[in-house]
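Shown next, in structure tokens, is the structure this report addresses.
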Amino acid sequence: MNKLNFYKKLVVSIFVFTCFFGVNSIAQNQFSKALILDMVHHNPGEEPYKSAYNNPAVIKEMGYNGKVYFLFESPALAINWESVDPDILPKGSKEREWVDDKASQIKKMQASCVEQGMSIYAMSDLVLFPKRLIEMYGIEKTFGDPNDPKTEKFIRAQINEMFDQFPSLDGLVVRIGETYLHDAPYHQGAIDNKTSPENTIIPLMQILREEICVKRDKQLIFRTWNSFDRDRVAYMKVNDAVEPHQNLIISIKQCEGDFHRARPFSKLIGQGRHPQIIEVQCAREYEGKGAYPNYIANGVIEGFEEHARMPEEQINSLHEFVEKRPDIYAGIWTWSRGGGWDGPYIKNEMWCDLNAWVMAQWAKDPRQHEEPIFNRYASERLHLKGADIAKFRKLCLLSAEAVVRGRNTTYNDISDVWWTRDQGIGWPASAKDSIAQKRNLEQKDESVAKWEEIVKLAKKIHWENEKTRDYAVGSAEYGYRLYKIYRILVNMSDAEAKGDMKRVEKWIKAYDKAWIAYKKLPEKYNSMSTLYTQEYNRHIKNNADQKVNKLRSCN
């Protein structure tokens, strides 16, 4: 009898062992196929960033398995169109010379990826054709419509030439939400009805699916951004109309809309039947671009504090996405650098590196939690030890808390989330109502207090060398002094809205002193990033400094 029980227990143990490790093995095999991609988002119209992440060997060592080349590094701008008509870009013309030179540059870039065994993807705006093609075929009014027969014909020809002339290309990342032409002097772009599933998204995706996924067995990553990224009904129409394919992947930003804190986690993540890759910006364009501490990897993986109030049934983190819908998890796509326009321009990539490295290492096995990976970064890449690792973690988690409170609130009380971006600061409007405005003012105080603690922690940590210490402390001071300016402006805006001109006068004095202190940073720290500037107006609706100067004249 005892012998029988022993064998029964043995059989059960073997069964449990086999099931556990079998399931884990299947999951690990699935995750091993996931894409871990990175892109450097260069500023349109400017000289490309000089970044370590331009080098495929660097990002491979970080844990990535593929590189996405930016819009102006795309074969869409570098094909010669000879399969359609040699006169579109005739040999000897300035247009053909530009295109051939671009092709040579791109092939050189792609060769470095091939050398590292990295997959190669190119981001392209569609629809994008040579200006001469558009004129020759008289499609000025129709080339933005993928249903137009000529447009469809040229899209198919374009795809064929891209993969024929650039055989190392593993896939195409398609954007229809915007069209940038800053570095494309001989091309023209357009897209009609970019938010319409029936008129644009579905027919274009069907064309690309057939040409890229089916005919060529290459990958299509179709971005939802600024097209069908906020509308679940539209997303599900696309989901239902387009047949899934192992090479067709939908790309979604991790939060609703653009990369702003306090916005909800994207409600599209985990929906439908198509594989999804998640976009993550590591040097966020609305939050300093790496000029100050801003640790977002924890919030993206485990959930930001503002997402804790989301409905329980809704996914609010990448970890939860992988747990609930591992069948459609296709990987992550980080932007290690860039997004937006102009500055700040950084001299040290430490804060970008932290976010990118943790995201890449997590994606290698997304069943992991974030904290052990973070601790590895601190010890393996920054060579911190013991208590310094704990201090560094506290500093980084505080940075996430300070940023959301300083730019918005944890309740998303500020409707104009664009009021400060890139290297500029706009005039902050009051929050939605009196309760929200009270919270807005309180959280600006909390933000500055957290930044003060961040500076203290940065000074206490035993950094590996003086260069790292200079940047860590200097960038913490950068955040502290910048967010003091934010706090002052929010309080000044509140005082003006309430007609309290004495308080306005008090805050103007504080504003002037804060800018003097902020501008002194480069005198003290060698590796300081470029600063925000008072006169910066690009995409700033109501420049803060101009508003302050108007208020001066009222006193």
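The values are calculated or read from the model by the stated rules, or taken from the named source; none is laboratory data. Only a predicted model underlies this, so the values are computations on that prediction, with no experimental measurement involved. Methodologically, a virtual Cβ is constructed for each residue, glycine included, from the backbone with ideal geometry; neighbour enumeration extends over all protein chains shown. Note: areas computed on protein heavy atoms with side chains; ligands, DNA, RNA excluded. Shrake-Rupley method; radii C 1.70, N 1.55, O 1.52, S 1.80 Å.
Quick notes
- Residue, most open to solvent (accessible area, probe 1.4 Å), within segment 438-495, restricted to residues that are within 18 Å of Arg407 (Cβ to Cβ) and among the small types (Gly, Ala, Ser): Ala449
- Counted residues, segment 322-354 - those being of a type outside the set (Asp, Glu), more than 30 Å from Asn239 (Cβ to Cβ) and in a helix (DSSP H, G or I): 4
- Note on segment 149-184: residues that are open to solvent by less than 30 Å² (accessible area, probe 1.4 Å), of a type outside the set (Asp, Glu) and not in a loop (DSSP other than H, G, I, E, B) amount to 13.
- Total residues in segment 520-555, condition open to solvent by 90 Å² or more (accessible area, probe 1.4 Å) and under 17 Å from Ile485 (Cα atoms): 3
- Meets criteria (crowded, with 24+ Cβ neighbours inside 10 Å and modelled with pLDDT of 95 or more) for Trp341: no
- Where a residue in segment 182-198 is under 13 Å from Asn147 (Cβ atoms) and its partner, wherever it lies, is in a loop (DSSP other than H, G, I, E, B) and of a type in the set (Gly, Ala, Ser), with Cβ under 6 Å and at least six apart: Ile191/Gly144; Asp192/Gly144
- Exclusive hit being at pLDDT below 95 and either open to solvent by 20 Å² or more (accessible area, probe 1.4 Å) or not in a loop (DSSP other than H, G, I, E, B) (or both), set His319, His307: His307
- Across segment 100-125, the number of residues qualifying as assigned to a strand (DSSP E or B), more than 16 Å from His187 (Cα to Cα) and open to solvent by less than 30 Å² (accessible area, probe 1.4 Å) comes to 3.
- Per the conditions (1) open to solvent by 10 Å² or more (accessible area, probe 1.4 Å); (2) part of a loop (DSSP other than H, G, I, E, B), the sole criterion not satisfied by Pro146 is (1).
- Inclusion of Ile485 among residues that are assigned to a helix (DSSP H, G or I), at pLDDT 95 or above, under 21 Å from Val417 (Cα atoms) and of a type in the set (Val, Ile, Thr) is warranted.
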